[in-house]
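Contents: one structure, followed by commentary.
The values are calculated or read from the model by the stated rules, or taken from the named source; none is laboratory data. What you see is a predicted model, and the numbers here were worked out from it, not measured in a lab. Neighbour counts are summed over all protein chains in view; Cβ atoms, including those assigned to glycine, are modelled from backbone coordinates with ideal geometry. What goes into the accessible areas is simple: the full protein's heavy atoms, side chains included, and nothing from ligands, DNA or RNA. Shrake-Rupley method; radii C 1.70, N 1.55, O 1.52, S 1.80 Å.
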Amino acid sequence: MKTLSILGSTGSIGTQTLDVVRQHPDLFSVKGLVAYRNVDILEAQIKEFQPEIAGLVDETAFLELKKRYQGPTKLVGGKEALIAAATLPSAELVVTAVVGAAGIEPTVEAIKAKKTIGLANKETLVAGGPLITALCKEYGVQLLPIDSEHSAIFQCLEGQTRENVDSLLITASGGPLRTWPSEKIATATAADCLRHPTWNMGNKITIDSATLFNKGLEVIEAHWLFGFDFDHIKVTVHPQSIVHSMIMMKDGAILAQLGNPDMREPIQYALTYPERKPLKMDTLTFADALKLEFFPPRYDDFPALNLAFEVGRAGGFKPAVFNAANEIAVYAFLDGKLQFADIYKTVLAVLEKMESEPDFTLENLREIDLWARETAKALIK
């Protein structure tokens, strides 16, 4: 039986991870659950899965949980809750499903504790790629991708020699604004952007899908996960989200991983790797006509994607600033403080304010991340 600790257990990935666990009670045991502030869902999860520890990062929500829950599970609160769950001795695999840069430090500590990482927090590698990959090598830790695109590439690369693979082909749904005319895109509201055509995700990631910032983050993450340079990572728009990603071989063959847009498949593959287990879900069928379309990205209308390639190639702390400034801008957009087009403009303006960069350490990464957030907030004001 594999023991799990889930960071971000009440979010989209966290709840679907627990759906997988429900299907395989003989394979998995949940030892740690941590969320941000959703008391109701976490309390129900504690009662169902009876973890060793559980916690909420938000202090007010944590105090509410302490009042309501009386049972054997140890409760932890504040940012320390993430570290406690990430380093829990009884857990062998840590699913990092928290949103944003908050996932970086607990992932670092989980690696140092020699936990296998089920990575659903792309910001960890986007911002901290050099640090995270070096630590994984030092501690002999494996990163198993949970994002559907990276899981697809991971599955396609299985059994291939690196010398035979030419490039990675990452698919993008195109988001809810894919067919909008250029002149209308800048007027998109948060409600428009939250109507994702194929995936059910959290608000932040759904907005990132609309801007294509999410695909840019995935490009940078793929670089660190698989060791391909940015000239050998491509993006293609695929509205049906059936082909989750592909690899192109040097002989011209293209290998693809297909399936219905259901995150439980890549989650389970990470949890059971290198084995495959049955999974109850709506599987893809070819009994009916299947329409698969592919288009080039509209780089001019969604400039975040090109910007991601630029900051990825530049390296250093630029991807971290790209990520942090975008996070602040997205939440400002959701709060009605920014227009859609201003998300990109804010990130670009923060990047332009960067000066000389210090050595790549966790402490310096924290400082740069904080600087980018404060600079973005000042610009938004």
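For the stretch 259-329, just say rounded, prolate or oblate: build the C-alpha gyration tensor, square-root its eigenvalues into a ≥ b ≥ c, call rounded for a/c under 1.5, and beyond that prolate if a/b exceeds b/c, oblate if not.
Taking the square roots of the gyration eigenvalues as a ≥ b ≥ c, the stretch 259-329 is oblate.
If W180, W371 are ordered by their accessible area, calculated over protein heavy atoms with a 1.4 Å probe, which sequence runs from highest to lowest?
W371, W180
So what is the relative contact order of the stretch 123-226, in percent, for Cα pairs below 8 Å that sit 6 or more residues apart?
36
When a/c reaches 1.5 or more, the comparison of a/b and b/c decides; with that in mind, is the chain rounded, prolate or oblate per its Cα gyration tensor?
rounded
Would you kindly work out the equivalent ellipsoid of the stretch 141-233 from its C-alpha gyration tensor and give its semi-axes, the square roots of five times the eigenvalues, largest first in whole Å?
Ellipsoid semi-axes (Å, largest first): 30, 14, 10.
Determine the distance separating the Cα centre of the stretch 29-87 from the Cα centre of the stretch 103-171; give it in Å without decimals.
27
With runs of 4+ DSSP H residues as the only contributors, calculate the mean residue ellipticity of the chain at 222 nm using -39,500 (n - 2.57) per run, divided by the residue total and rounded to the nearest 500.
Helices in the chain give a 222 nm mean residue ellipticity of -14000 deg cm²/dmol.
Give the carbon-plus-sulfur fraction of the accessible surface of the stretch 97-150 in %, rounded to a whole number; probe 1.4 Å, heavy atoms of protein chains only.
Accessible surface attributable to carbon and sulfur in the stretch 97-150 totals 46 percent.
Can you give me the % of accessible surface on the stretch 26-66 that is carbon or sulfur? Probe 1.4 Å, all protein chains present, nothing else counted.
Using a 1.4 Å probe with all protein chains present, the stretch 26-66 comes out at 47 percent carbon and sulfur.
Quick check on the stretch 289-381: take the gyration tensor over C-alpha atoms, sort the square-rooted eigenvalues as a ≥ b ≥ c, and tell me if it's rounded (a/c under 1.5), prolate or oblate.
Verdict is oblate for the stretch 289-381.
Measuring from label point to label point, each 7 Å out along Cα→Cβ, what is the E363 to A134 span in nm?
The two pseudo-label positions are separated by 1.4 nm.
Give me Rg/Rg_expected for the stretch 240-280, where Rg uses Cα atoms only and Rg_expected = 2.2 N^0.38 Å with N residues.
For the stretch 240-280, the normalised Cα radius of gyration is 1.37.
Taking all pairs of different Cα atoms in the stretch 61-193, averaging 1/r and flipping that mean, what Kirkwood radius in angstroms comes out?
17.9
Percent relative contact order of the chain, based on C-alpha pairs within less than 8 angstrom and at least six residues apart?
15
With N set to the number of residues, divide the alpha-carbon radius of gyration of the stretch 1-78 by 2.2 N^0.38 Å and report two decimals.
Output field value: 1.01.
As a test of reading the structure, rank R195, R298, R162 by solvent-accessible area (1.4 Å probe, protein chains only), most first.
R195, R162, R298
How many Å² of accessible area per residue for the chain, probe 1.4 Å?
Value for the chain: 43 Å² per residue.
How far, in nm, would the chain grow between D231 and K337 when pulled straight, counting 0.36 nm per residue and subtracting the alpha carbon separation?
Roughly 34.5 nm would be gained on extension.
Given the chain, what percent of its DSSP beta bridges are antiparallel, to the nearest 5?
Around 25 percent antiparallel, to the nearest 5.
For the stretch 218-308, which chymotrypsin sites (Phe, Trp or Tyr not before Pro) are in a loop by DSSP, counting at most 15 other Cβ atoms within 10 Å?
For chymotrypsin sites (Phe, Trp or Tyr not before Pro) across the stretch 218-308 that sit outside H, G, I, E and B with at most 15 neighbouring Cβ atoms in 10 Å, the list reads F286, F294, Y299.
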